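These notes are about the structure you will find just below.
The values are calculated or read from the model by the stated rules, or taken from the named source; none is laboratory data. None of the values given here were measured: they were computed from a predicted structure. Note: ideal-geometry Cβ built from the backbone for every residue, glycine included; neighbour counts use all protein chains shown. Calculation scope for accessible area: heavy atoms of the full protein, side chains included, ligands and nucleic acids excluded. Shrake-Rupley method; radii C 1.70, N 1.55, O 1.52, S 1.80 Å.
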Amino acid sequence: MIVAPSMLSADFGNLQRDVEMVNQSEAGLFHLDIMDGVFVPNISYGFPVVKSIAKAAKKPMDAHLMIVDPDRYVKQFADLGVSYLSVHYEACTHLHRSLTNIRNLGMKAGVALNPHTHVQLIEDVLDCCDFVLIMSVNPGFGGQSFIPRAVEKVRQLKAMIQAQGLNTLIEVDGGVNFENVKILAQAGADIVVAGSTVFSAADPTNAIHQLTHCL
Ligand code: DX5
Ligand code: ZN
């Protein structure tokens, strides 16, 4: 399992220390949650913080845009060195165009689905996605509890990917812990985001290790 620690749960007073911890760990990606206070009822952080993380990060950055009209900012994330960029299905009127644009800027393109959004709705753009992010909480906050229905969505999505002969990655975000990570791995998830499970642990490096070797 590829683990993407969510920096939303990091200690922003010790950001460099927490970035260094992720660098030294078995984590695969830095997950960066960008919230605008409009698409979701919370505001997180923006470009100055992403820039600071980028300076110290030795692993690819995975930015999750929980913002309206994400097309306006895609280029800036590319310029900051983000490798994986996801936009929300619910925030894009022209999703095909948004995903194509992300790829054209040299990034891996992802679409994020809220808990109420059926995976079938992205069937016609699946070949434009390098990854799909299944939200297992309602986006906006770290530390919420996992919505079990997400597991079935992972299974359905995996079947869709195989039916189309693609190698799209499946990422799951929200409430991931030591128990549900196993079920997610068996269902076909490739990447899990983990905020509180990593940063609230007494030993975050070990928490990443355990999640990575969950099976
Ligand atoms: C929620 C964010 C998540 C969140 C995960 O809106 O997209 O990435 O930070 O945090 P945990 O793992 O604590 O649910
Ligand atoms: Zn996220």
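Observations on the model:
- Set 80, 99, 85: member being within 16 Å of ligand 2 (Cβ to nearest atom) and closer than 22 Å to residue 32 by Cβ: 85
- Looking only at residues in the range 188-212 that are assigned to a helix (DSSP H, G or I) and open to solvent by less than 10 Å² (accessible area, probe 1.4 Å), the one that is nearest to ligand 1 (Cβ to nearest atom) is 198.
- Given (1) under 20 Å from residue 28 (Cβ atoms); (2) out of contact with any helix residue (DSSP H, G or I) (no Cβ under 8 Å at 6 or more places or on another chain); (3) of a type in the set (D, E, K, R), number of the condition residue 75 does not satisfy: (1)
- Filtered by the rule that a residue be within 21 Å of residue 68 (Cα to Cα) and without any contact (Cβ under 8 Å) to a residue 60 or more places away in the chain, the range 8-32 gives a lone residue, 32.
- For the range 4-25, residues that are over 17 Å from the mean Cα position of the chain (by Cα) and within 19 Å of residue 173 (Cβ to Cβ) total 2.
- Some residue of the range 98-114 being farther than 30 Å from residue 24 by Cβ, small (Gly, Ala, Ser) and either away from ligand 1 (no atom under 16 Å from the Cβ) or open to solvent by 20 Å² or more (accessible area, probe 1.4 Å) (or both): yes
- Search result, residues across the range 11-37 that are over 26 Å from residue 203 (Cβ atoms) and either in contact with an Asp or Glu (Cβ under 7 Å, 6 or more places away or on another chain) or away from ligand 1 (no atom under 14 Å from the Cβ) (or both): none
- Filtering the range 44-54 for residues that are over 18 Å from the mean Cα position of the chain (by Cα), away from ligand 2 (no atom under 16 Å from the Cβ) and not in a helix (DSSP H, G or I) leaves an empty set.
- Checking each residue of the range 177-186 against the condition of being more than 16 Å from residue 212 (Cα to Cα) and open to solvent by less than 10 Å² (accessible area, probe 1.4 Å) gives no match.
- Restricting the range 45-66 to residues that are surrounded by fewer than 20 Cβ atoms within 10 Å (Cβ to Cβ) and within 15 Å of ligand 1 (Cβ to nearest atom), the residue that is nearest to residue 95 (Cα to Cα): 45
- Pairs, first closer than 16 Å to residue 98 by Cα in the range 53-66, second crowded, with 24+ Cβ neighbours inside 10 Å and hydroxyl-bearing (Ser, Thr, Tyr), C-beta under 6 Å, six or more apart: 64/86
- Enumeration of residues in the range 139-174 that are among the polar types (S, T, N, Q) and open to solvent by 20 Å² or more (accessible area, probe 1.4 Å): 144, 145, 156, 162, 164, 167
- Members of the range 71-97 found to be among the small types (Gly, Ala, Ser) and either open to solvent by less than 10 Å² (accessible area, probe 1.4 Å) or under 14 Å from residue 131 (Cβ atoms) (or both), listed by number: 83, 86
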